[in-house]
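Engineer: Questions regarding the structure given below will be posed in turn.
The values are calculated or read from the model by the stated rules, or taken from the named source; none is laboratory data. A quick note: this is a predicted structure, and the numbers were derived from the prediction, not measured. Please note: Cβ atoms are built from the backbone with ideal geometry, for glycine as well, and neighbour counts cover all protein chains shown. To get the accessible areas, we keep the full protein, side chains included, count just its heavy atoms, and leave off ligands, DNA and RNA. Shrake-Rupley method; radii C 1.70, N 1.55, O 1.52, S 1.80 Å.
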Amino acid sequence: MAKVTVDGIEVDVPNGSNVLQACEAAGKEIPRFCYHDRLSVAGNCRMCLVEIEKAPPKPISSCSWPVADGMVVHTDSVMVRNARRGVMEFLLINHPLDCPICDQGGECDLQDQAMGYGSDHTRYHENKRAVKDKDLGPLVKTVMTRCIHCTRCIRFITEVAGVPDLGATARGESMEVGTYVEKALSSELSGNIIDLCPVGALTSKPYAFVARSWELKKTDSVDVLDAVGTNIRVDARGPEVLRILPRTNEDVNEEWLADKSRFALDGLKRRRLDRPWVRRDGKLQPATWPEAFAAIAEKATGLGPDRIGAVAGDLCDAESMLALKDLMAALGSANLDCRQDGAALDATRRDFYTFNTSIAGIEEADAILLIGTNPRKEAPVLNARIRKRWMTGGCTIGLLGEAADLTYDVTMVGAGPDGLARLGAGTDASARVSGGPDAPAPDFAQVLRDAKKPMLILGQGALARLDGAAVLAAAWKLAADVGALLPEWHGFNVLHTAAARVGALDLGFVPGPGGKPLAQMLADGVDLLWLLGADEFPTARIGASTFVVYQGHHGDAGAARADVILPGAAYTEKYGTYVNTEGRVQRGFLAIYPPGEAREDWTILRAFSQTIGRKLPYDDLAALRRRLEQVNPVFGRVGFLPRFGCTDLTAPAGDPAAISAAPFIAAVTNYYQTDPISRASPTMAECTALFAPSRLAAE
């Protein structure tokens, strides 16, 4: 530790820190444009100038100057104030000063720091330069004349996202930031450069000229468009969500947000279900709530428990799934399932289906094996964490599945589950590294065995197969063989793609004794099938005689097949509990009210239960959440995730020897359209047309 005195305040900071960090530790605010805690140091803007005793007698950029023991720093001397005014004057020479029409107005670092550290006049009256705007695709809007060349966007896209699309061309006054060849940004994290830009050069294209920041009501929530559980802030005005931004959570998403989660919000107001519908004479017709409930009750009357089933969708909150489970129990039915893709998830033990190492724990791993997953498409924020670990060095990453550009080098171990057996036997002879044909190909079996903290990440593409149970058991066996299952380290991880899946498994939303899974419900047929936002399975396989109740918020595949539609609330329109892929319980809050006659899902189920004389035992959200904790105590652990090692090596059900040779197939083929909300989004349709045109044509 180094002792540094900042404006008379003595602080201890770690060796290797810079002066700016020492000043922050002392509680001093240092202005900056180019410096960012999560990016490399560039030293471009020179706004963070300070004065350091016994250093060269000039203002020094604090972001690029390392601390030394006994250093004395002044952050507000006459020299520093004059230097900052001069730097601000230089920055504004070519800036267009178009604040009244800039989308960044009201939350612009340049505005704030010009007021706090700038001067009230300028000595430069020459003509300002103009720069041609760049077309970066349908998500990021550019006004490059405003750019101050801080290079935050370049460093983020290159270092964090791992897709070096942006760079600077020319020098001096001719310097421009953009793509070297005009193209759209191909990263699934590109929207984060909007947050990083300290001026109005990069703003949200869908949000352009829509609202000012002070007009918006801000609500904390949790993203549900993948299973990472990214912490978000929902900005709404009146009845409409206008913007979604990330919130900082070091354990989950740091401060990043994936593009689909940020930009699919325009799907929240399209194709919405805002009233009940009942099918009469083969055609869906508007109905009242009592009429819809009566139609369901009439069908349910007299049905045997084995003739009723329920399926929970991928975006559901825990409260609604528990209410549906309790309703099915009241009707005597054990036909429940939350695995629309047929994934062979073993719900008997929590560490069989969660990301046990935790997302933050990725940074401790020294060897990672990806099995049947493409985290760049399935969980871009988590993939950025893997890349962050790879960038620090000392971590080899293997891939068992489809070859893909994951933004970091990987050792190809194989295409199918037979690679698990080879790795377990220590006979990995076919490995190669994606770094190029001349790169050395390590024996990945030996890499795993030599690692102190090896990690396996098992994707849904490996489990949603006929031999999924065998793959799960084989992966667990491999984890045990290579020392990934230790009392102090649990290196077996399942990466989910559905935000509701872990919460549903925690609630036991799987077939009970004698119950049927979804595949059997479709094959054998049931007389009444309740779909709670379930749209991700082939609804054409539902029997023609099956009476389908669809409860959800969008007119997607499930609603098209329904006999009765009950309009529910989207995740921004209700208070909900969600459990992410690592098993972390988090809560979202109501930002706007559901449209029309739509209601929160658990209240719909509670009202229907009273209609059929099987009233559910809770009347408000607090009582329902107490019931959640009764069913599984983990729901009382909101926001906190303890780290557990593995002390029980008992394997999940399944025969590791029963795996087939068929290669793994990716669980997500089109990142931009994976759920009813993103499929209803015009912005995501634009991205699909640009980045996955073959998927759009197939649909």
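Engineer: Tabulate in residue order the Karplus-calculated ³J(HN,Hα) for segment 324-338, using 6.51 cos²θ - 1.76 cosθ + 1.60 with θ = phi - 60°, rounded to whole Hz; enter x for Gly and Pro.
Structural biologist: In residue order, the calculated couplings are 5, 4, 5, 5, 5, 5, 5, 8, x, 9, 10, 7, 10, 7, 10 Hz.
Engineer: Separate question: Set the Förster distance to 25 Å, then compute FRET efficiency between ALA560 and ALA329 from the Cβ-Cβ distance, nearest 0.05.
Structural biologist: The calculated FRET efficiency here is 0.30.
Engineer: Tell me the net charge near ALA42. Cut-off is 14 Å between Cβ atoms, ALA42 excluded, with +1 for each Lys or Arg and -1 for each Asp or Glu.
Structural biologist: +3
Engineer: Under 14 Å between alpha carbons, and skipping anything fewer than 8 positions from LYS299 in its own chain: which aspartates and glutamates qualify?
Structural biologist: GLU291, ASP527, ASP563
Engineer: Can you run phi through the Karplus equation (6.51, -1.76, 1.60; θ = phi - 60°) for segment 17-30 and list ³J(HN,Hα) in whole Hz, with x for Gly and Pro?
Structural biologist: 6, 9, 5, 4, 5, 5, 5, 5, 4, 8, x, 9, 7, 10
Engineer: Only four residue types carry charge here, +1 at the Cβ of Lys and Arg and -1 at the Cβ of Asp and Glu. Report the dipole size of segment 174-245 about the Cα centre in Debye, rounded to the nearest 20.
Structural biologist: Computed about the Cα centre, the dipole is about 260 debye.
Engineer: Follow-up. Compute the acute angle (0 to 90°) between the alpha-carbon long axis of helix 78-91 and the principal axis of greatest extent of the alpha-carbon atoms of the chain; round to the nearest 10°.
Structural biologist: Roughly 70 degrees, rounded to the nearest 10.
Engineer: Can you tell me how segment 594-699 classifies by the Cα gyration tensor, rounded, prolate or oblate, using a/c under 1.5 as the rounded cut?
Structural biologist: Oblate.
Engineer: Additional query: Go through MET328, VAL78, GLY401 and say which Cα lies farthest out towards the positive end of the charge dipole of the chain; charges sit on Cβ, +1 for Lys and Arg, -1 for Asp and Glu.
Structural biologist: Among MET328, VAL78, GLY401, the one farthest towards the positive end of the dipole of the chain is MET328.
Engineer: Between ARG280 and VAL181, what FRET efficiency follows from the Cβ-Cβ distance if R0 is 60 Å, with the result rounded to 0.05?
Structural biologist: In this case the efficiency is close to 0.55.
Engineer: Pairs to check: LYS388/LYS453; LYS269/LYS574; LYS134/LYS377. Give those whose C-alpha atoms are more than 18 Å from each other in this structure.
Structural biologist: Table pairs above 18 Å Cα-Cα are LYS134/LYS377.
Engineer: In terms of modelled amide H atoms, which long-range or inter-chain residues lie less than 5 Å from the amide H of LEU273?
Structural biologist: Correct list: HIS554, GLY555.
Engineer: Ignoring ligands, DNA and RNA, what percent of the 1.4 Å accessible area of the chain is carbon and sulfur?
Structural biologist: With neighbouring chains kept in place, the figure for the chain is 53 percent.
Engineer: Sticking with this one: Taking 25 Å as R0, compute the FRET efficiency from the Cβ-Cβ separation of ALA168 and ASP37 and round it to 0.05.
Structural biologist: Using R0 = 25 Å, I get an efficiency of 0.70.
Engineer: Quick one: grab the alpha carbon gyration tensor of segment 287-401, order the square roots of its eigenvalues as a ≥ b ≥ c, and give me rounded if a/c is under 1.5, else prolate or oblate depending on whether a/b is larger than b/c.
Structural biologist: prolate
Engineer: What is the local net charge at ASP120, summed over the other residues whose Cβ is closer than 15 Å to its Cβ (Lys, Arg +1; Asp, Glu -1)?
Structural biologist: Here the charged neighbours net out to +3.
Engineer: Kindly provide the trypsin sites (Lys or Arg not before Pro) of segment 98-136 that DSSP labels as loop, not H, G, I, E or B, and whose Cβ sees at most 13 other Cβ atoms within 10 Å.
Structural biologist: ARG123, LYS128, ARG129, LYS132
Engineer: Sticking with this one: In debye, nearest 20: dipole of the chain around its Cα centre with unit charges on the Cβ of K, R (+) and D, E (-)?
Structural biologist: 840
Engineer: Moving on. Net charge around GLY282, counting only other residues with Cβ within less than 14 Å of its Cβ (Lys, Arg = +1; Asp, Glu = -1)?
Structural biologist: Summing Lys/Arg as +1 and Asp/Glu as -1 gives +2.
Engineer: Taking Cα Rg over 2.2 N^0.38 Å straight from the coordinates, which label in (1) 1.59; (2) 0.99; (3) 1.04 is the correct one?
Structural biologist: It is the value labelled (3).
Engineer: Grab the Cα-Cα distance for ASP655 and GLU29, subtract it from 0.36 nm times how many residues apart they are, and report the gain in nm with one decimal.
Structural biologist: Taking 0.36 nm per residue and subtracting the Cα distance, the gain is 219.4 nm.
Engineer: What spacing in nm lies between the two simple spin-label points modelled at LYS218 and ASP69, each 7 Å away from Cα in the Cβ direction?
Structural biologist: Result: 4.2 nm between the two label points.
Engineer: Exposed loop chymotrypsin sites (Phe, Trp or Tyr not before Pro) only (DSSP loop, at most 14 other Cβ atoms within 10 Å): please give the longest stretch of the chain free of them, not including the sites.
Structural biologist: Counting at most 14 other Cβ atoms within 10 Å as exposed, the longest clean stretch of the chain is 210-588.
Engineer: If you don't mind, another one. Using +1 at the C-beta of Lys and Arg and -1 at the C-beta of Asp and Glu, which of PRO286, ILE244, VAL234 has the Cα lying farthest in the positive direction of the dipole of segment 234-299?
Structural biologist: PRO286
Engineer: How would you classify segment 229-360 from its alpha-carbon gyration tensor, with a ≥ b ≥ c the square roots of the eigenvalues: rounded for a/c under 1.5, else prolate if a/b is greater than b/c, otherwise oblate?
Structural biologist: Oblate, because a/c is 1.5 or more while a/b does not exceed b/c.
Engineer: Between SER545 and ARG81, what length comes free when the chain is fully extended (0.36 nm per residue of separation minus the Cα-Cα distance, one decimal in nm)?
Structural biologist: Full extension of this stretch gives 159.2 nm more.
Engineer: Within segment 1-58, report the GluC sites (Glu not before Pro) that DSSP leaves as loop and that have at most 11 other Cβ atoms within 10 Å.
Structural biologist: GLU29, GLU53
Engineer: Next question, about the same structure. Non-local amide H neighbours of MET412 (under 5 Å, H modeled in plane, Pro and chain starts lacking H): which ones?
Structural biologist: When sequence neighbours closer than 5 places are left aside, the close amide H contacts are LEU399, ARG432, VAL433, SER434.
Engineer: Another question about this same structure. Pull up the cross-link candidates among the lysines for LYS58, meaning alpha carbon to alpha carbon under 21 Å and not fewer than 8 places away within one chain.
Structural biologist: LYS28
Engineer: Here is a follow-up. Which loop GluC sites (Glu not before Pro) in segment 527-603, with loop taken from DSSP, have no more than 16 other Cβ atoms within 10 angstrom of their Cβ?
Structural biologist: Answer by residue number: GLU597.
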